[in-house]
């Protein structure tokens, strides 16, 4: 695990102070509270970004596992070689999609 570029305690302090300000609106006018929020905000942003990205990574891994469990598609994609024309040199050859469905 890599070392984080933020101070975890400053991030938590910012989060807690934000909650306090939500409940006690009069704290918004307090100069000390405002300085704490200004000083700790950068650490909070980095912490929040890192934790959100970790959460997204876990969700992506779960989606991949779920997709692997699902039934494979019932079609086949065939890519043909370019025929030498200028357009196919730039874009590639024809693409053909065939169904693999078989009647019983």
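What follows draws every value from the coordinates through simple rules; no lab data is involved. All values derive from a computational prediction rather than experimental measurement. Heads up, the Cβs are rebuilt from the backbone with ideal geometry, glycines too, and the neighbour counts pull from every protein chain shown.
Here are some notes:
- Structure-derived Cα Rg over 2.2 N^0.38 Å: which label, when the choices are (1) 2.83; (2) 1.35; (3) 2.11: (3)
- Distance from segment 2-24 to segment 50-75 (C-alpha centre basis), Å: 30
- Principal-axis tilt of helix 31-69 within the chain, Cα atoms, nearest 10 degrees: 30
- Exposure proxy shown here: for 103, 28, the number of other Cβ atoms within 10 Å sets the order, fewest to most, as 103, 28.
- Exposure proxy shown here: for 6, 39, 14, the number of other Cβ atoms within 10 Å sets the order, fewest to most, as 39, 6, 14.
- Segment 8-69 shape via C-alpha gyration tensor axes, a/c threshold 1.5: prolate
- Contact order relative to length of the chain, as percent, for alpha carbon pairs under 8 angstrom and 6 or more apart: 22
- Sites residue 5 and residue 67 - FRET efficiency at Förster radius 30 Å, r taken between beta-carbons, to 0.05: 0.35
- Angle in degrees between helix 8-23 and the longest Cα principal axis of the chain, rounded to the nearest 10: 70
- When you count the other C-beta atoms within 10 angstrom of each residue and take the mean per peptide, 16-22, 42-48, 84-90 line up highest first as 42-48, 16-22, 84-90.
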